[in-house]
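Working notes, structure below.
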Amino acid sequence: MDTNTAILASMLIPALAALGNIVLRNSPNLRDGMTLTAAVLTFLCVLNILANVGSGTTEPLVLFSVMPGLDLAFNVEPLGLLFALIASGLWIVTHLYGVGYMRGNNESHHARFFCFFSIAIATTMGIAFAANMFTLFLFYEALTLSTFPLVAHKGTPEARDGARTYLGILIGTSIGLQLVAVIWTWTITGTLDFTKGGILEG
């Protein structure tokens, strides 16, 4: 599998697992087995990307352009790849733990929980392989929204209050700080791409 295909697969597999959790919500063993399989496949995709790193640089994977120079695009860089390896590897461990915890404590709404957890993994892969600040911002916002139901999962007043606080802090800071930085960088440099050495002159 080439690098760009593996990047796309590392995001699509968790997204499909999220859908699978809803479809298989009444078949817990099949549902949890499917999600574990998706976690392993995602980790293998990232390992495939790691194996391909030494074969030379790849062109960014551009899904679409909003305007010239402003793309939803993905690429591989060392820290992002390390982040993807850790996140995808931990998905396997946390899923096994999560299944045991949810069943052992008779928690409700398993399918909903693992659905949003899978979406969170998909968005995390998007963050790890983001090729520019625009893509990073979009997937960071998606991660924030997908983890909100996890914080509020128990449905208690405390959980809901905590989730609202969580959402307010993350959305507020991302729009008030990160989005401002994105616009400022775009205005000064005309690009948001992550490049070796940076895009701002010292």
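The values are calculated or read from the model by the stated rules, or taken from the named source; none is laboratory data. From a predicted model like this one, the values you see are computed outputs, not experimental measurements. Because the Cβ atoms are built from the backbone with ideal geometry, glycine has one as well, and the counts that use them run over all protein chains shown.
Quick look at the values:
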item	result
Residue in the range 115-126 that is in contact (Cβ under 8 Å) with a residue 60 or more places away in the chain, buried (at least 20 other Cβ atoms within 10 Å of the Cβ), outside any loop (DSSP other than H, G, I, E, B) and more than 15 Å from the chain's Cα centre (by Cα) present	no
Candidates T165, T144, T135, T187 - the one that is of a type in the set (S, T, N, Q), at pLDDT below 90 and over 23 Å from L24 (Cα atoms)	T187
Residue in the range 80-89 that is in contact (Cβ under 8 Å) with a residue 60 or more places away in the chain, in contact with a helix residue (DSSP H, G or I) (Cβ under 6 Å, 6 or more places away or on another chain) and not polar (S, T, N, Q) present	yes
Residues within the range 158-190 that are part of a helix (DSSP H, G or I) and either touching a residue at least 60 places away in the same chain (Cβ under 8 Å) or in contact with a helix residue (DSSP H, G or I) (Cβ under 8 Å, 6 or more places away or on another chain) (or both), tallied	14
Residue match in the range 42-51 (condition: surrounded by fewer than 18 Cβ atoms within 10 Å (Cβ to Cβ), in a helix (DSSP H, G or I) and either modelled with pLDDT under 90 or out of contact with any helix residue (DSSP H, G or I) (no Cβ under 9 Å at 6 or more places or on another chain) (or both))	yes
Index of the failed condition, R25 passing every other in (1) in contact with a Phe, Trp or Tyr (Cβ under 9 Å, 6 or more places away or on another chain); (2) outside any helix (DSSP H, G or I)	(1)
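For every residue, the table says whether it meets (1) farther than 30 Å from T189 by Cα; (2) of a type outside the set (D, E); (3) modelled with pLDDT under 95; (4) loosely packed, with under 15 Cβ neighbours inside 10 Å.
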residue	(1), (2), (3), (4)
S65	no, yes, yes, yes
D71	no, no, yes, no
F83	no, yes, no, no
A87	yes, yes, no, no
M102	yes, yes, yes, no
S108	yes, yes, yes, yes
A111	yes, yes, yes, no
